[in-house]
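The values are calculated or read from the model by the stated rules, or taken from the named source; none is laboratory data. As the structure is a prediction and not an experimental result, all values here were calculated from the model. We place every Cβ from the backbone using ideal geometry, glycine too, and count neighbours over all the protein chains shown.
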Amino acid sequence: MKRLVKNYRLILFFLLGVVGGLEWMEVFKPSLRSRIIYGLLKLFYKPEIIEVAKQRGYLDGMRKGMPSPAHLIPKPVDAGGVPAEWVVSDDEISNQVVFYLHGGAYVTRMPVLHRSFLHLLANESDAQFLMIDYRLAPEFPFPAALDDALTAYRWLLNQGYDPKQIVFAGDSAGGGLTLATLIAARDRGYPLPASAILLSPWTDLLGTGDAIQELAEEDVLLSWQNLEECALDYAGSYDRGNPLISPLYADLSGLPPMLVQVGGSEILRDDSTRLVEKIQQAGGQAQLVIEPFMGHVYPAYAPSIPEAVKAVQQIAAFIRKS
């Protein structure tokens, strides 16, 4: 017994090594790191109904305390009158462009977090990312964000980029806006991009998915009460069921192939599952990835958790083959 007490440090390091090895071998499903991160979120973070001004103030405070990664300097550009910025890899810049629409429930933005995530994706995929700073509600309700996205896309095409070298992508509200932009571009006769990537897209602002009730306790990040307020702000005088506001209800035929990733424990899960089903019924191609236990826009947690790293690798592979 005394020998065990004397050598407790060696025993502890050995056990930690064993656990670390099992985690590296992906024996734990879900991973220990994801359990810890989501456990802490569940313990210390509880979604509450927050006014837009307070949300923005909170995010501004986070932004000031989170500098961009070393060597990552924003490259702003005027995309036909719409503010945007290039996020490129550390290596040679390719001709492939990912046209990216950020999330934030249509009312907020977090450029530092998105910039860091897109920089990681750029390095993994060897593509360059153009992140669009579209106008936000409630000051600028629908169709301001959609108009900005279409304007920026026309500008990109006018720069001489081949649509076959362009991939659309977006997360959360930006994922819904990405889909709405594709639909509007199709209906207006614009050349469509090669493919699209949607990360936990918000496609139904009416909130009719079963997961909103079923996963309300499991989702540690989202609250439908919050989202519904944002949906009302974004829709403004329009019906939230408008197919360009809630693209789940749109004609989904004639769209490019898509990759859709969603967490298995988020209340917006059914916004993805129903979307992919409708795309396939319309004769389109859509690959659905549901990662069990994960929350909203889980790929953005890379490289902290293995599931997010795998998601980033899936995204990069999809971009490269587009």
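A few comments on the model shown:
- Tally, over the range 166-223, of residues that are of a type in the set (Asp, Glu) and either modelled with pLDDT of 95 or more or under 13 Å from the mean Cα position of the chain (by Cα) (or both): 5
- The number of residues in the range 291-308 being over 14 Å from the mean Cα position of the chain (by Cα) and either at positive phi or aliphatic (A, V, I, L, M) (or both) comes to 2.
- Taking first residues from the range 159-180 that are in contact (Cβ under 8 Å) with a residue 60 or more places away in the chain and partners that are in a helix (DSSP H, G or I) and aromatic (Phe, Trp, Tyr), the Cβ contacts under 9 Å between residues at least 6 apart in sequence or on separate chains come to ILE166/TYR153; VAL167/PHE318; PHE168/TYR153; ASP171/PHE117; ALA173/TYR234.
For every residue, the table says whether it meets (1) more than 16 Å from GLN128 (Cα to Cα); (2) modelled with pLDDT under 55.
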{"residue": "ARG33", "(1), (2)": "yes, no"}
{"residue": "ILE36", "(1), (2)": "yes, no"}
{"residue": "LYS42", "(1), (2)": "yes, no"}
{"residue": "ARG56", "(1), (2)": "yes, no"}
{"residue": "ASP60", "(1), (2)": "yes, yes"}
{"residue": "PRO74", "(1), (2)": "no, no"}
{"residue": "ALA79", "(1), (2)": "no, no"}
{"residue": "PRO83", "(1), (2)": "yes, no"}
{"residue": "ASP90", "(1), (2)": "no, no"}
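- Flag for SER265 being buried (at least 17 other Cβ atoms within 10 Å of the Cβ), of a type in the set (Ser, Thr, Tyr) and under 17 Å from LEU182 (Cβ atoms): no
- Identification of strands (runs of 3 or more DSSP E) wholly contained in the range 82-150 with 1 or more residues that are among the β-branched types (Val, Ile, Thr) and over 19 Å from GLN165 (Cβ atoms) yields 82-87.
- Total residues in the range 228-249, condition touching a Lys or Arg at 6+ places or on another chain (Cβ under 9 Å) and assigned to a loop (DSSP other than H, G, I, E, B): 1
- Selection over the range 205-261 of residues that are hydroxyl-bearing (Ser, Thr, Tyr), out of contact with any Pro (no Cβ under 8 Å at 6 or more places or on another chain) and crowded, with 17+ Cβ neighbours inside 10 Å gives a count of 1.
- Close Cβ contacts (under 8 Å, 6 or more residues apart or on different chains) running from residues in the range 237-252 that are assigned by TED's automatic domain parsing to the domain that holds ASP270 to residues that are assigned to a loop (DSSP other than H, G, I, E, B) and of a type in the set (Asp, Glu) comprise PRO243/ASP251; ILE245/ASP239; SER246/ASP204; LEU248/ASP204; TYR249/ASP204.
- The number of residues in the range 117-151 that are over 19 Å from GLN314 (Cβ atoms) and of a type outside the set (A, V, I, L, M) comes to 13.
- Only one of TYR153, TYR190 that is more than 18 Å from ASN242 (Cα to Cα) and surrounded by fewer than 24 Cβ atoms within 10 Å (Cβ to Cβ): TYR190
- Against the numbered list (1) crowded, with 21+ Cβ neighbours inside 10 Å; (2) without any contact (Cβ under 8 Å) to a residue 24 or more places away in the chain, ASP147 comes up short only at (1).
- Filter result (assigned to a loop (DSSP other than H, G, I, E, B) and among the acidic types (Asp, Glu)) within the range 256-278: GLU266
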